[in-house]
Each structure stands twice: as C-alpha cells, then as structure tokens.
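To start, the structure itself, in structure tokens.
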Amino acid sequence: MLDSVLVANRGEIARRVIRTARRLGVRAVAVYSDADADLPYVREADEALYIGPSQPARSYLDAAALIEAARKTGATAVHPGYGFLAENADFARRVIEAGLTWVGPGPGAIEQMGDKIRARNLMEQAGVPVSPGTREPVTDIAEAVTEAERIGYPVMVKAAAGGGGIGMGAATDEAGLRAAFETARSRAERFFGSPAILLERYVQRARHVEVQILGLADGRVLALGERDCSVQRRHQKVAEETPSPGVSASLRERMLAAAVKAGEAVGYRGAGTVECLVDADAGSFVFLEMNTRLQVEHPVTELVTGIDLVEQQFRIAAGEPPSFDPAAIHPAGHALELRIYAEDPI
C-alpha cells in the first residue's frame, strides 16, 4: 500500500480521500489556500500545508506549488480528487516525472479522452456506439452549417474540449445553429482556451446514464454498474440514481460491456466513468464522453456494491489487486444522491 498521499484538492472530496487514507494507514497530507484554512479537511489530515491565496489559479491550479508541497511533506503519492487538475494530463505527467505516484489513469488516457472528437473517433474504432457527428473540429459557421445538413437536424453543439455542459446547446434549424454555434465557440474559447466545436445528432428524450469502471493494476477493466443522471438543470446534474429506472436488464448488460471496451481501448487504470445517452424507447445508447477521474456521484455506486472506490484507486496506483472479487460484483439495493444548488433567482 502507498506510504503517504498528498490530496491536491479541497473541501468535500479532500475529506473523502483523507477518510479512506487514514483507514488504510496511509498518511494523508492536505493543502489549503487562504479561503480554506478553517475547513474541516485541514484539521482531519495528518499534515496540512498552506499553498497560496484564495484564487485557485494561485493555489489549487498551481502544479508546481502542489508538487513542491509533496516534496516538503514527504508525500509519495498525489490524489487529485475531482475538478481542478484531476483531468490535466500535463499535471499527471509532472507528478510522475517528479518521482511521485499518480493516483489516477495514465496521462495518455487522460489526453485521449479529454478531447471529445478524438474520444468519439477512438470509441467508434473500438466498437462502442456513437451518435452521428463530426470527425474533425469545426471552427467556422459555414462548415458547421454544412456538417449539420449532413448529420441531420436536430444537432447538439458543444465545445470539443472541456466538460460540464459549458456553452452546450441544441439547434433544430440553421438559424438556431448559428446562434448556438457562436455561444458555444465564445464560451469554449473563454473556459477551455480552444474555439473548436463538435456537432452531434441530438438525441431527443434521451436519458443520461453513466457507467462506473475500474481499470485494475493487472490490466483488466471492470464495470461496477450504472448511474442515471437525467435530472439536470442548465446541463448540470441535480439527481443521481442507481440502478437507472429507465434501463432494462438487456440494455444494461450491453452498456456495461461497451464501457469495458471503452476502458480497454485506452489501457485505462483507476476509477473512471463512461457517460452515455440512452434512447429508452428504442432500447439503444451512444457514447457521450469519458471522465478520467473519480466522479462527484461515486457514493451511490459504493452504497449498492459495498466497494470503496477511493481504496481501489489507492490499490491500483500501488500495483495491488482489488479488495473484492472481480468475478462477484452484485449490486444490491437502490441509492439516490441529490445536489443542492445556490443561484441568483433574478
């Protein structure tokens, strides 16, 4: 097992990682900014180090500061949590080059799945169903109009890089496409530093269902069941449920098998999520994207499987076998997670 781990995050996910680390006897090191000095996770860690001002760009997004924190505290591994640098291939690479253990998938897998178009093309080659869409980035509206006509309306317009539904919009005709394209392109440039756009056939009345996978240290990829996150506001998840109320047993079996194929296609190691759009009426699904990290919603899978996913992340990073029998995964019961949002009602 790992000797010690620096948790390169804050708040709830830092507490979550620290809890499992301490149960396993792994020394947990926290980092904190000015804004977080009094948060519980700082007290719960075995050691905590100040890394900078409240602005994330000068603290939790400062890769050099995080690696230096690991060096100063003697941490031998880095767990990125979710958000911030969790899906940053360059950070993962720098951690590894510093002689530390990266608790996550390899930089190559992060890069391959981080670009939605590249990921779609790779999944199609691996035999995973994908929706009709663009195989290359779209950067101007004239090309977008041509591609939309080829794909067929309605189409979904989204940033090729990044995630979280930022700037995403649907279009049912050319006028709608022009408006959605400009919004998506400007937000993609602002949030992700790339104006590249992906167009896909819009699946109407779709359910949003994700499959939890684990890439084991010995190379096997497992699917631990699905989570339904169809209830959303502004493309942000509000409810997460397992098992999905809109997926039949046969469709579930096919989705889990496809998720395993997706993980195998990139040599996946660690915890990850394969997201799908499900047409329950047609009994079909298509690949949406892969999240190369632990999901916010991972506890619902833990509740029905009895598997501590953070523990498995540690074991995989250390080259150890899982703490459960991979041939005996039998989810039982029902779990639901709800998010509380604060927003300006005006």
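The values are calculated or read from the model by the stated rules, or taken from the named source; none is laboratory data. The structure presented is a predicted model; accordingly, all values stated were derived computationally and were not measured. FYI the Cβ positions are ideal-geometry reconstructions off the backbone, even for glycines, and counts take in every protein chain you see. Quick note on the areas: whole protein, heavy atoms, side chains included, nothing else; ligands and nucleic acids left out. Shrake-Rupley method; radii C 1.70, N 1.55, O 1.52, S 1.80 Å.
Beyond 38 Å, what share of the Cα-Cα pairs of the chain remains, rounded to the nearest whole percent? Spell out each step's value before the answer.
Numbers: 9474 of 59685 pairs.
Looking at the chain, the distances longer than 38 Å represent 16 percent of pairs.
Counting pairs of alpha carbon atoms under 8 Å apart in space and at least six apart in sequence, what relative contact order in percent does the chain give? Mind showing how you got there, number by number?
Numbers: 735 pairs, mean separation 54.3, N = 346.
Relative contact order comes out at 16 percent.
At R220 and E12, where each label point lies 7 Å from the Cα along Cα→Cβ, what is the point-to-point distance in nanometres?
About 3.2 nm separates the two model spin labels.
Order H208, H79, H330, H235, most accessible first, counting only protein heavy atoms with a 1.4 angstrom probe.
Values: H208 30, H79 0, H330 140, H235 80 Å².
Order by accessible area, largest first: H330, H235, H208, H79.
Based only on Cα atoms, what Rg/Rh ratio does region 138-263 have, Rh being taken as Kirkwood's radius?
Details: Rg = 16.9 Å, Rh = 16.3 Å.
When Rh is taken as the Kirkwood radius, the ratio is 1.04.
In Å², and per residue, what accessible area does region 95-202 have when probed at 1.4 Å with the other protein chains present?
Values: 4690 Å² over 108 residues.
On a per-residue basis, 43 Å².
As a test question: what accessible area, to the nearest 10 Å², does D115 have when a 1.4 Å probe is rolled over all protein chains in place?
Accessible area of D115: about 50 Å².
Which log10 I(q)/I(0) values, to two decimals, does region 64-157 give at q = 0.11, 0.22 Å⁻¹ under the Debye formula with one point per Cα?
One equal scatterer on each Cα of region 64-157 leads to -0.50, -1.04.
Hey, can you find the accessible area per residue of region 14-68 for me, probe 1.4 Å, expressed in square angstrom? Could the numbers behind the result be given before it?
Numbers: 2600 Å² over 55 residues.
Computed with neighbouring chains in place, this is 47 Å² per residue.
If I ignore ligands, DNA and RNA and count only protein heavy atoms, how much of K116 is accessible to a 1.4 Å probe, in Å² to the nearest 10?
We get 20 Å² for K116.
Once the whole set of protein chains is in place, how much accessible area is left on R315, using a 1.4 Å probe, in Å² to the nearest 10?
50 Å²
Express in nm, to one decimal, how much length is gained between R178 and E68 on full extension, taking 0.36 nm for each residue of separation and deducting their alpha carbon distance.
Numbers: separation 110, 0.36 × 110 = 39.60 nm, distance 4.64 nm.
This chain segment gains 35.0 nm when fully extended.
Which of S250, S186, S194 ends up with the largest GNM mean-square fluctuation for the chain, with Cα atoms connected below 10 Å?
Maximum fluctuation in the GNM of the chain, among the listed residues, is at S250.
Compute the accessible area per residue over region 248-346, keeping the other protein chains in place, probe 1.4 Å, unit Å². If you can, show how the numbers build up before the last one.
Working: 4550 Å² over 99 residues.
So region 248-346 comes to 46 Å² accessible per residue, rounded to a whole number.
Of all accessible surface on the chain at a 1.4 Å probe, what whole percent is carbon and sulfur? Before the final figure, lay out the partial values.
Values: 7590 of 15020 Å².
The value for the chain is 51 percent carbon and sulfur by accessible area.
Extension gain A239-E136, at 0.36 nm per residue separation less the Cα-Cα distance, in nm? It would help to have the intermediate numbers written out before the result.
Values: separation 103, 0.36 × 103 = 37.08 nm, distance 3.30 nm.
Full extension from A239 to E136 adds 33.8 nm.
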